[in-house]
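Below is one structure, written out as structure tokens; the observations come after it.
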Amino acid sequence: MKRLLLVLLAACATTQPKAAGDDVFSRFKAATGGPAWDSIASLELRGTLLAGGLSGPLTVLQDARTGRSVSRYSLGTLQGAEGFDGKTGWEQDPGSESVALDAPEAVAAARTQAWLTAMAYWYPSRGASAIQPAEARDGHQVLVVTPKGGHPIALWFDSNDLLVRTVEKRGAETITTFFDDYREAGAVRLPFHQIVDHTDATGRTDPRARAEVRFDRVALDVPVPDAAFALPAMAETAKIANASGVTRVPFELINNHIYVSATIGGTPVRMLVDTGGTNLLMPASAKALGLAAEGKLAGGGVGAEKVDVGLVHAPDLRLGDAVLEKPVLYVLDLGPMQSVEGTAADGLIGFEMFRRFRVTIDYPARMLTLSSKDSFAPPAGAQAVPFEMAERTPVVRGTLDGMAGRFTIDTGSRATLTLHSPFVREHGLVARYAAAPLQVVGWGVGGPAKGQPARLGALTLGDVTVRNLAGDLHTDDTGAFANPDISGNLGGGFLRHFVVAFDYEARQMYLAAQEPLDAPDPFDRSGMWILSDGAALRISAISPGGAAEKAGLKTDQRIISINGEPAGSRALAEWRKLFAERPAGAHFALTLADHEKAELVLANIIPDQR
């Protein structure tokens, strides 16, 4: 799940004497204050932030000598912050969960922002950079700058020599910030209005992801204490409500997804556990709990489409004896989850719970354990795998068949390993793995996820190696799996082999293998994506060249019985498991809703082993 990134840039930033762009930067400086900038050490800007139909006060403090910065905002009744302490960027969620973002792409983004904040274009001693010669575009002078340790950013200057736009690539999105309404602030001029837009790889810009800032007060040379830029402490609103500091919660494992029983404000709820997500509720569940959502932001996931996201304040969220008091939960429609999963859920438990507690997931024993810091112990015999944090999701380093990669850890994914499209293209993996044709391989926020299934070889994380993985190759340029900064996404199909523990504060994941790690990972042999549809199964997609297509089956047909057994007599997950684990050549007699018959003969979509 992606959260709104508030890209609040210093208005004046960019000149390197006697280097590429010097004339442009010099004119910009002259147009906004000239020598007056030389003595300015800090800025404090106050105004209003508008995003997702909400608004509230915003304060930005910038240390122009070092590039450190902090932004604190309110949106409706929600509060949050983000900053850069001179080494690492950080974020603090509306629920007070704070996290340092130490993944390379996050560090690069922070370094680029710091270069702008320090006005290193005018003062190169504050930050080195590589600057391409100016280029004329649409009546503007455009400079592309790559700060040392940062990533490229394009700076657009208008005919009045003012910076009016910046454009930078972050993951699969392009972030464009517009500046206007330049006004005097003491002896200098600053833009008092900014708009931040997010554009996906197809060129679409979603207004729900737009952030707008209107400043009304600017103070120069304000005090900049070190503590102002430090990662803030979290409010003490989380606890294990027993003397041991440990609570154990049994779970169901369905489609490699973890389902737990919890309560919100004392009312029972059924939740998915998702390291790749955030604490959230389905709209119907929020309404049933009497929780009214604020705002209309944009949320995305593995599908191509964005969906509405609101936020609510809950009295508490309890998972066993683990308690989050007055948490903020996102409200997001996960789509036809009950038909996709064959079971209902009220929402997700995600980052906030993992950040507050040490979490151990014993997949074989179906037991979730949450511990306080002092009560936590890694699983017996576990191998430690360090991770980084990017947008609140753990990212580990490893190798796949000799190819170095970075992989997100996502308990909310049913798949074993989904490889991102830039990584797939870079290494020619469709041909290398003789991948199957494009087909529906999953479902998530934004709709169905398509990929090309393939049998992968060996994945190594630290001292742990798993072989014969059933993976899928994402080849589209939309959705979360188009992010070029990440190689792939490891889901429940991989993690189910282990007792796995997470310590977000120490940035450690622990893996204790509970079964052989070289057995072939099962993969669907039916050649169809089926959904639960009352007492029947509905075919929502057919895999090209697969068993279902050869049997003459079509999308939207409803299966009433299989081998004489009513389709409703088994859970959807059981049928999927049967179609994956029964061998190629196995026969299934299908009765359809229109009284037609079909003979399904299972066939391998991908090889059994590599």
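The values are calculated or read from the model by the stated rules, or taken from the named source; none is laboratory data. The structure displayed is predicted, hence computed values, not measured ones. Positions of Cβ are generated from backbone atoms using ideal geometry, with glycine treated the same way; all protein chains shown enter the neighbour counts. Just the protein is used for accessible areas: all its heavy atoms, side chains included, with ligands, DNA and RNA removed. Shrake-Rupley method; radii C 1.70, N 1.55, O 1.52, S 1.80 Å.
Please list, ordered by first then second residue, the pairs with beta carbon atoms under 7 Å, 6 or more apart or interchain, first in the stretch 458-470 and touching a residue at least 40 places away in the same chain (Cβ under 8 Å) and farther than 15 Å from G405 by Cβ, second among the charged types (D, E, K, R) and not in a strand (DSSP E or B).
Note: pairs meeting the criteria are R467/D518; N468/D518; N468/D521; N468/R610; A470/D521.
I want to confirm something. Restricting to the stretch 186-215 and keeping residues that are of a type in the set (A, V, I, L, M) and touching a residue at least 60 places away in the same chain (Cβ under 8 Å), which single residue is farthest from S421 (Cα to Cα)?
A187
Residue check: is A103 open to solvent by less than 30 Å² (accessible area, probe 1.4 Å), within 30 Å of G295 (Cα to Cα) and touching a Lys or Arg at 6+ places or on another chain (Cβ under 6 Å)?
Taking the combined requirement at face value, the residue does not satisfy it.
Among the candidates F357, F351, F376, F387, single out the residue that is closer than 30 Å to K326 by Cβ and open to solvent by 30 Å² or more (accessible area, probe 1.4 Å).
F376
Would you check which residues across the stretch 169-184 are in contact (Cβ under 8 Å) with a residue 60 or more places away in the chain and assigned to a strand (DSSP E or B) and list them? Can you show your working first?
Restricting attention to the stretch 169-184, the residues satisfying the condition of being in contact (Cβ under 8 Å) with a residue 60 or more places away in the chain are 170-172, 175, 177, 179, 182.
Scanning the stretch 169-184 gives R170, I175, T177, F179, Y182.
On the basis of being among the hydrophobic types (A, V, I, L, M, F, W, C), surrounded by fewer than 18 Cβ atoms within 10 Å (Cβ to Cβ) and more than 18 Å from V359 (Cα to Cα), does A434 make the cut?
yes
Mind checking which pairs have a first residue in the stretch 85-98 that is at pLDDT 90 or above and a second that is surrounded by fewer than 23 Cβ atoms within 10 Å (Cβ to Cβ) and of a type in the set (K, R), Cβ under 6 Å, 6 or more apart or different chains?
E97/R355
D594 fails exactly one of the following numbered conditions: (1) over 30 Å from G457 (Cα atoms); (2) of a type outside the set (G, A, S); (3) modelled with pLDDT of 95 or more; (4) touching a strand residue (DSSP E or B) at 6+ places or on another chain (Cβ under 9 Å). What is the number of that condition?
Of (1) over 30 Å from G457 (Cα atoms); (2) of a type outside the set (G, A, S); (3) modelled with pLDDT of 95 or more; (4) touching a strand residue (DSSP E or B) at 6+ places or on another chain (Cβ under 9 Å), only one is false for D594: (3).
Does A580 fit the bill of being without any contact (Cβ under 8 Å) to a residue 12 or more places away in the chain, surrounded by fewer than 19 Cβ atoms within 10 Å (Cβ to Cβ) and not in a strand (DSSP E or B)?
No.
Quickly run through the stretch 318-342 and pick out the residues that are modelled with pLDDT of 90 or more and assigned to a loop (DSSP other than H, G, I, E, B).
Within the stretch 318-342, G320, D321, K326, P327 meet the criteria.
Just the residues that are more than 19 Å from W115 (Cα to Cα), open to solvent by less than 30 Å² (accessible area, probe 1.4 Å) and within 29 Å of the chain's Cα centre (by Cα), please, taken from the stretch 152-198.
Within the stretch 152-198, G171, A172, H193, D197, H198 meet the criteria.
Confirm whether A172 is touching a Pro at 6+ places or on another chain (Cβ under 9 Å) and among the aliphatic types (A, V, I, L, M).
Against the criterion (touching a Pro at 6+ places or on another chain (Cβ under 9 Å) and among the aliphatic types (A, V, I, L, M)), A172 qualifies.
Name the single residue, out of those in the stretch 87-100 being assigned to a loop (DSSP other than H, G, I, E, B) and in contact with a Phe, Trp or Tyr (Cβ under 9 Å, 6 or more places away or on another chain), that is surrounded by the most Cβ atoms within 10 Å (Cβ to Cβ).
My answer is E97.
State all residues of the stretch 505-531 that are among the hydroxyl-bearing types (S, T, Y) and more than 25 Å from T275 (Cα to Cα); if no residue qualifies, say none.
S526
Residues that are buried (at least 21 other Cβ atoms within 10 Å of the Cβ) and of a type in the set (V, I, T): list the strands (runs of 3 or more DSSP E) wholly contained in the stretch 482-576 that include at least 1 such residues.
Because the criterion is at least 1 residues that are buried (at least 21 other Cβ atoms within 10 Å of the Cβ) and of a type in the set (V, I, T), the strands (runs of 3 or more DSSP E) in the stretch 482-576 that meet it are 498-503, 528-533, 536-542, 558-562.
Which residues, counting only those in the stretch 590-600, are loosely packed, with under 13 Cβ neighbours inside 10 Å and within 24 Å of P522 (Cα to Cα)?
E599, the sole residue that qualifies.
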